[in-house]
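The values are calculated or read from the model by the stated rules, or taken from the named source; none is laboratory data. The model shown is predicted, which means the values in this text are computed figures rather than measured ones. Neighbour counts run over all protein chains shown; Cβ positions are idealised from the backbone, glycine included. Accessible surface areas use protein heavy atoms only, side chains included; no ligands, DNA or RNA. Shrake-Rupley method; radii C 1.70, N 1.55, O 1.52, S 1.80 Å.
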Amino acid sequence: MISLKQIRYFIAAAEAGQITEAASHQNISQSAITTAIKSLEEMLDARLFERHSHGITLTYEGKQFLHRARNVLTAVEEAIRFPKEAHRNIAGKMRLACTYTVSGYYIPEYVTRFIRNFPNVELELFEAPRGAIEEGLISGHYDMAVMLTSNLLNQEDIAYETLMKSPRKLWVSSDHKLVQQPTVTLKDIAEEPYVMLTVDEASNTAQKYWNKTPFRPNTIFRTSSVEAVRGLVANGVGVTILSDMVYRPWSLEGHRIEAREISEKIPTMDIGLAWKQEKEFSSVEMAFREFMSQMKVEFD
């Protein structure tokens, strides 16, 4: 019988594109990942991955199985955590604001699960910059927000709960010389062409931790597009430092991107819930807050 552990390890390997990276994310040995994949392939009588020098890629059968494997985990999680019958009496509307990065890389999965488990709740979603969200929470235009709490400025009037801390790492092309170094420092990175992401104040955050060192990034291009950064890095035009949450191992053109730890302490990108201080929560808002708290993932 296929176990949930095998499915989790398979998904981790598929998303990482490398056995070593998948094992690191799961805090297990490489052999555990390898054994799980081998067992799955034997049970399914199908090859799920192609092995190559830079890692692994899904076969056609692997892509089909990945889709179904994710559905299995989602179904199990929902069955354990959220019996639907208990939530049918909760009804109403909530105006939820999100920043750009959150709406693109974090919130869709959780909004989908919440709506599925609270069928009588109507979520009205808004995307806005941090400043507009802070003003909207204080004025009452938004009921709650899911945003980068590490960027939150007005902490006197706005309360928050961090849900996830996503580490920032160096992104480089698969054949970049820094891939082979045992350690990478900001000094090493400063010597390379740098692609700077600007959306959601990413460049401001980068400037803060670079300013604590004598080094500066050699910025050759500034862009608000994560996909533009991904494409330029994958093709070897430059390097960048971005969070694990937005990391994907492949560019749109199919070129490989490697993520590497940085020796210096780089602040995490924190994602969380925010609301007006001393807010009285409606039943819908309380349900959403409890739901998101149960989904909390800590990367510390």
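Close amide H partners of Ile262, meaning residues 5 or more places away or on another chain with modelled amide H under 5 Å apart, are Leu170.
Surface listing: Leu125, Leu153, Leu170, Leu232 arranged by accessible area from highest to lowest gives Leu153, Leu125, Leu232, Leu170, probe 1.4 Å.
Amide H contacts of Leu242: Lys169, Trp171, each under 5 Å away and 5 or more positions distant or on a separate chain (H built 1.01 Å from N in the peptide plane; Pro and chain starts excluded). With a simple spin-label model that places each label point 7 Å from the Cα along the Cα-to-Cβ direction, the separation between Arg68 and Ala91 comes to 3.9 nm.
In the P(r) worked out for the chain, what percent of Cα pairs fall beyond 35 Å? Mind dumping the intermediate values first?
Numbers: 12166 of 44850 pairs.
Beyond 35 Å sits 27 percent of the P(r) for the chain.
Using R0 = 35 Å, the C-beta based FRET efficiency linking Arg47 and Thr112 works out to 0.65.
Please find the FRET efficiency linking Ser39 to Lys177, where r is the Cβ-Cβ separation and R0 is fixed at 30 Å, and quote it to the nearest 0.05. The value I calculate is 0.20.
First select every other residue whose beta carbon is under 13 angstrom from the beta carbon of Glu156; then total the charges, Lys and Arg +1, Asp and Glu -1. Its environment carries a net charge of -2. What separates the Cα centres of the range 176-236 and the range 89-167 is a distance of 28 Å.
Sequentially through the range 61-75, phi angles give Karplus couplings (6.51, -1.76, 1.60; θ = phi - 60°) of 5, x, 5, 5, 5, 4, 4, 6, 5, 5, 4, 5, 5, 4, 4 Hz, Gly and Pro residues having no value and appearing as x. Each Lys and Arg Cβ is given +1 and each Asp and Glu Cβ -1; about its Cα centre, the range 168-266 then shows a dipole of about 220 debye. In the range 1-84, the convex hull through the Cα atoms has an average projected area of 5.8 nm², a quarter of its surface area.
Within the set Lys165/Lys276; Lys165/Lys208; Lys5/Lys165; Lys187/Lys208; Lys169/Lys212; Lys38/Lys169, which residue pairs have Cα atoms separated by over 20 Å?
Working: Lys165/Lys276 22 Å; Lys165/Lys208 18 Å; Lys5/Lys165 24 Å; Lys187/Lys208 16 Å; Lys169/Lys212 17 Å; Lys38/Lys169 30 Å.
In this structure, Lys165/Lys276; Lys5/Lys165; Lys38/Lys169 exceed 20 Å between Cα atoms.
For the range 17-31, putting each phi into the Karplus relation 6.51 cos²θ - 1.76 cosθ + 1.60 with θ = phi - 60° gives couplings of x, 8, 5, 4, 5, 4, 4, 5, 5, 8, 6, 9, 7, 4, 5 Hz, in residue order, rounded to whole numbers and with x for Gly and Pro.
By a 1.4 Å probe calculation restricted to protein chains, Glu135 has an accessible surface near 130 Å², given to the nearest 10. Here's the picture: charge each Lys and Arg Cβ at +1 and each Asp and Glu Cβ at -1 in the chain, and of Pro193, Pro167, Leu178 the one pushed furthest to the positive end of that dipole is Leu178. Segment Lys5..Asn154, full-extension length gain: 49.4 nm, with 0.36 nm per residue of separation and the alpha-carbon distance subtracted.
Note on the range 101-203: Cα-Cα pairs beyond 24 Å make up 44% of the total pair count.
Using alpha carbon coordinates only, what is the Rg to Rh ratio of the range 168-266, with Rh defined as the Kirkwood radius?
Working: Rg = 12.2 Å, Rh = 13.2 Å.
That ratio equals 0.92.
How many Å² of accessible area per residue for the range 170-285, probe 1.4 Å? Numbers along the way, then the final one.
Numbers: 5460 Å² over 116 residues.
Ligands and nucleic acids excluded, the result is 47 Å² per residue.
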